[in-house]
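What follows is a set of notes on a single structure, which appears directly below.
The values are calculated or read from the model by the stated rules, or taken from the named source; none is laboratory data. Bear in mind the structure is a predicted one, so any value in this text is a computation, not a measurement. Cβ coordinates were reconstructed from backbone atoms using ideal geometry, including for glycine residues, and neighbour counts include every protein chain displayed. Just so you know, the surface numbers come from the protein's heavy atoms only, side chains and all, with ligands and any DNA or RNA stripped out. Shrake-Rupley method; radii C 1.70, N 1.55, O 1.52, S 1.80 Å.
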Amino acid sequence: MRTRWQRFKQSYMLYSFLRDPVALTSFIILAILVFSAFGAPIVAPHDPYDPTTIEIMDAQIAPAWSEGGSSKFLLGTDAQGRDMLSTMLYGMRVSLLIGVGAVCLQAFIGIIVGLLSGYVRRLDNILMRIADVQLSFSTYMIAIFIGAIVQTAFGVAGYDRVAVPLLIAIIGLAEWPQYARTVRASVLAERKKEYVEAARIIGLSRIRIMWRHILPNTLSPVLVISTVQVANAIMSEAALSFLGLGMPVTKPSLGSLITAGFEYIFSGSWWITIFPGILLVGLILVINLLGDWVRDFLNPKLYKG
Amino acid sequence: MEQLIEIKNLRVDFTLRSGTVRAVRDISLTINRGERLGIVGESGAGKSVLGFSIINLISKPGKITGGKIIFRGNDISKYSYEQMRKIRGNRIAMIFQDPMMTLNPVLTIGTQMKETILAHMKVSNKEAEKICLEKLRKVYIPSPEKRLSQYPHEFSGGMRQRIVIAISLLTNPNLIIADEPTTALDVTIQAEIMDLLLELCETENMGLILITHDLAVVSEVTQRIAVLYAGKVVELGSSKQIITNPQHPYTQGLIKALPQMAEGAKRLNQIPGMMPSLRDMPDGCPFAPRCAALLERCKHEIPTLKELESGTQVACFMREGVE
C-alpha cells in the first residue's frame, strides 16, 4: 500500500505544478507572505499593538535608504510612529484572516444552498430567487449599513473587538450566491449521470447521495472560485477599510493602512500608503495567479493553445 | 414453485404536453424463485421502462397508472419512497448497461460497496469489508484486498461490470434486474459476464430479469422469454420453444433477422417498417402494419395472449385460427 504522501509525490498534480514557473513562483511568494503574516509576532521587529513601544517622536520617518531614514525602521514609520514593516505584517495577518474566514463562510452557505437547490427541485426556485435578491444588493451597501449600525451600537472601543468577525460575516453573507450558483450548476449536470441513478437503486438516502456522491464531483469548480474569492474578499475588506468602515486604525489591516497614509501623501510621506499598497497588490496577484493554475489544472479542456 | 414476483396488468404512462405515451400497456408476468426470465424487443418497446417500474424509479413524467407488482406477497407499486428504499438494492438489485457510468468516479470501490451494505444491514465496518471481499471473489476479481482501495478508472470495462454485479450481490437479493448488462462490452467479455450471471443465479438461487435486444444472449441464459412489442407482451414461452419454434410473426422476424440466420445471403433479413409511435397506436394489433400474414381482423381488434399446446403464450389471431 502506498501512503498518501507517496501517492502525492507521484501525482500528475505535483508534476504539472513543478513545471509551471509562474505557479511555482506565486506559491513560494504566497507561502513567504502567509508565513510572515501569521508569524508576525516573531518576525516583525516591533509590536505595533503595544503602545508603550511607540514614540510619537518617531512619526513619519522615511525609509532607511532615503534621506532622513533610520536604520531602526527599514520601511519608515507612519504618522503615529509605528514601524511600517511590522504594521504591514500585522495588517496582512488581519487581511488574510478576514479573506479566508469570509470565503469559508461563503462556501459553507453557498455549498449547502447550491446542493439543495440543484438536487431538490422543489426548493430550486425559492433558493435561487433568494440568491438573486442577495446579489442585487451591493456588498458595500450592506457593509456600510451594518457597519454604521454596529459602530453606533458598540461604540468605538467595542467596535475594535467585533470588527474582524463582523467583516467576515458581512463579506461572507454578501458573496455566497457565487458559490450557490456554481454548485447548483454542477449538481444539475451530475444528477443526470448514471452513478446517481445507481446510488438511488442501491437504496441510499437522498442526503447521502447529495453529500457523498454528488458533492465530491462538484468540488473542482468550487476550488477554483475559492482562490478567486479569497482575493476578492481581501480586496473588499481593503475597500471597506479605505472607506473607514473596516478595521480601525488601532488594529489596522492593509486597507486601513492605505487610508491612514493617504492623508500624508501630499506632505511627502508617500511610504505610508505606497508600501501597504504594493503588498496588497502583490498578495492579490499571487493568489489570482495560483487560482489560474488551479483552474487550468482541474479543467484541461481550457488549455490555451 | 414459489412465486417471487408477479406483475399484474401493469400500465405505465408518460403524460406529455403533446399527449400520453403508453410505454407499458397491460403487461402481466410472473417469475418464480430462482427463475430467469428474458425480456426482448426492439428499441422503444418498453423494456427498460418495465425494468424501472418494478423498482418504482421511472423518471418523470412517467407514472404507474394501473396494475400491481406483487413482490413476496406485498404490492410494491404502492410503496412510498422510504418503504421502497428498503427494497431497492436490498431485495431487488439492478445492473445497468454502461459500467463506465454507474460507478462514482471520485469514490473508491471499497467505499461504494460498503455504503450499500451499511445502508441495508446492521454490521460493523470490519464485517462489511469481509462481505465485500467475499462477493468480489465470487465475481472472480483477483486480489480483492488490493482492489478495494482503487478507483473506478483503474479498472477495465469488464472488471467494472463485475464490480457492479458484486455490488448488486452484496445484500443477497432475491431478484436482479439486468438492463442490457453487456451492451457496452466487447463480445468476449460479454460471454464471460453472461456466464458469470448464470452461474451466480444458479448458486445463489436468485431470480433474474434480463432485458436485452440480443436474442442469442437471452436464449443461453434464461429459461423463459417474453417478447415485447410496443409496450405489450406478444409472445411468452420457454426459451427453447421461442428460439426453435417462434409463433408470433414479430418473433419470427426477429429470429430471421439474426445475422447467423442469413446463411450466406448478401443482405441480412429485416422486418419492414417501423414500430408505431407509442403516442398514437393503430386500432388493431400494433404489429399489423408490418405483418406479413395480415388478416382483416388484425386491423380492428387487439389480440390477447392465448396459450398454445406447446405451452407458449402468443397474442396473434393467426395462431387462434389454427387451433
Hey, does the stretch A:218-239 have a residue that's touching a residue at least 24 places away in the same chain (Cβ under 8 Å), closer than 24 Å to A:PRO63 by Cα and not aliphatic (A, V, I, L, M)? no
Name the one entry in B:ARG319, B:ARG267 that is basic (Lys, Arg), over 25 Å from the mean Cα position of the chain (by Cα) and not in a loop (DSSP other than H, G, I, E, B). B:ARG319
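One line per residue, one yes/no per condition, for (1) modelled with pLDDT under 90; (2) aromatic (Phe, Trp, Tyr):
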| residue | (1), (2) |
| --- | --- |
| A:SER66 | yes, no |
| A:PHE73 | yes, yes |
| A:MET84 | yes, no |
| A:ILE98 | no, no |
| A:TYR140 | yes, yes |
Using the structure shown, decide if B:GLY207 is more than 14 Å from chain A (Cβ to nearest Cβ) and modelled with pLDDT under 90. no
Can you tell me how many residues in the stretch B:136-149 are part of a loop (DSSP other than H, G, I, E, B) and touching a residue at least 12 places away in the same chain (Cβ under 8 Å)? 5
Restricting attention to the stretch A:181-224, which residues are of a type outside the set (Val, Ile, Thr) and within 22 Å of A:ASP132 (Cα to Cα)? A:ARG181, A:ARG184, A:ALA185, A:SER186, A:LEU188, A:ALA189, A:PRO221
Against the definition (touching a Ser or Thr at 6+ places or on another chain (Cβ under 7 Å), open to solvent by 40 Å² or more (accessible area, probe 1.4 Å) and within 14 Å of chain B (Cβ to nearest Cβ)), how does A:GLU190 come out, yes or no? no
Taking the stretch B:275-287, which residues are open to solvent by 40 Å² or more (accessible area, probe 1.4 Å) and either in contact with a helix residue (DSSP H, G or I) (Cβ under 8 Å, 6 or more places away or on another chain) or among the basic types (Lys, Arg) (or both)? B:ARG279, B:PRO282, B:ASP283
Answer yes or no: is there a residue in the stretch B:77-85 that is facing chain A (nearest Cβ under 8 Å), among the hydroxyl-bearing types (Ser, Thr, Tyr) and open to solvent by less than 50 Å² (accessible area, probe 1.4 Å). no
Taking the stretch B:108-135 and keeping only residues that are in a helix (DSSP H, G or I) and either touching a residue at least 60 places away in the same chain (Cβ under 8 Å) or open to solvent by 50 Å² or more (accessible area, probe 1.4 Å) (or both), one is left with B:LEU118, B:ASN125, B:LYS126, B:GLU127, B:GLU129, B:LYS130, B:GLU134
Of B:GLY62, B:GLY67, which residue is within 23 Å of B:MET275 (Cα to Cα) and away from every other protein chain (no Cβ under 11 Å)? B:GLY62
Has the stretch A:44-58 got any residue that is farther than 19 Å from A:LYS251 by Cβ and either in contact with a Ser or Thr (Cβ under 7 Å, 6 or more places away or on another chain) or of a type in the set (Lys, Arg) (or both)? yes
In the stretch A:200-236, what residues are at the interface with chain B (Cβ under 9 Å from one of its Cβ atoms), within 28 Å of the chain's Cα centre (by Cα) and either open to solvent by 60 Å² or more (accessible area, probe 1.4 Å) or within 23 Å of A:VAL164 (Cα to Cα) (or both)? A:ARG212, A:LEU219
If I ask for residues that are open to solvent by less than 50 Å² (accessible area, probe 1.4 Å), of a type in the set (Ser, Thr, Tyr) and more than 23 Å from A:ILE111 (Cα to Cα), which ones from the stretch A:143-187 would you list? A:TYR159
Mind checking which residues of the stretch B:111-125 are more than 26 Å from B:ASP186 (Cα to Cα) and more than 7 Å from chain A (Cβ to nearest Cβ)? B:THR111, B:LYS114, B:ILE117, B:LEU118, B:MET121, B:LYS122, B:VAL123, B:SER124, B:ASN125
Requiring at least 3 residues that are on the phi < 0 side of the Ramachandran plot and surrounded by 14 or more Cβ atoms within 10 Å (Cβ to Cβ), the helices (runs of 4 or more DSSP H) wholly within the stretch A:4-91 are A:21-38
Those residues that are assigned to a loop (DSSP other than H, G, I, E, B) and either of a type in the set (A, V, I, L, M, F, W, C) or crowded, with 18+ Cβ neighbours inside 10 Å (or both), I need them from the stretch A:117-142; list them, please. A:VAL120, A:PHE137
Among the residues of the stretch B:88-104, which ones are facing another protein chain (nearest Cβ under 7 Å), on the phi < 0 side of the Ramachandran plot and not basic (Lys, Arg)? B:ASN90, B:MET94, B:PHE96, B:ASP98, B:MET101, B:THR102, B:LEU103, B:ASN104
With respect to A:TRP293, determine if the residue is farther than 26 Å from A:ALA62 by Cβ and aromatic (Phe, Trp, Tyr). yes
Flagged in the stretch B:87-106 as under 14 Å from B:PHE155 (Cβ atoms) and surrounded by fewer than 20 Cβ atoms within 10 Å (Cβ to Cβ), in numbering order, are B:ASP98, B:MET100, B:MET101, B:PRO105
Unmet requirement for A:SER253, which otherwise passes all of (1) over 19 Å from A:GLU175 (Cα atoms); (2) free of Cβ contacts under 8 Å to residues at least 24 places away in the same chain; (3) among the polar types (S, T, N, Q): (2)
Residue ranges of strands (runs of 3 or more DSSP E) in the stretch B:150-254 with at least 1 members open to solvent by 30 Å² or more (accessible area, probe 1.4 Å), touching a strand residue (DSSP E or B) at 6+ places or on another chain (Cβ under 9 Å) and touching a residue at least 12 places away in the same chain (Cβ under 8 Å): B:224-229, B:232-238
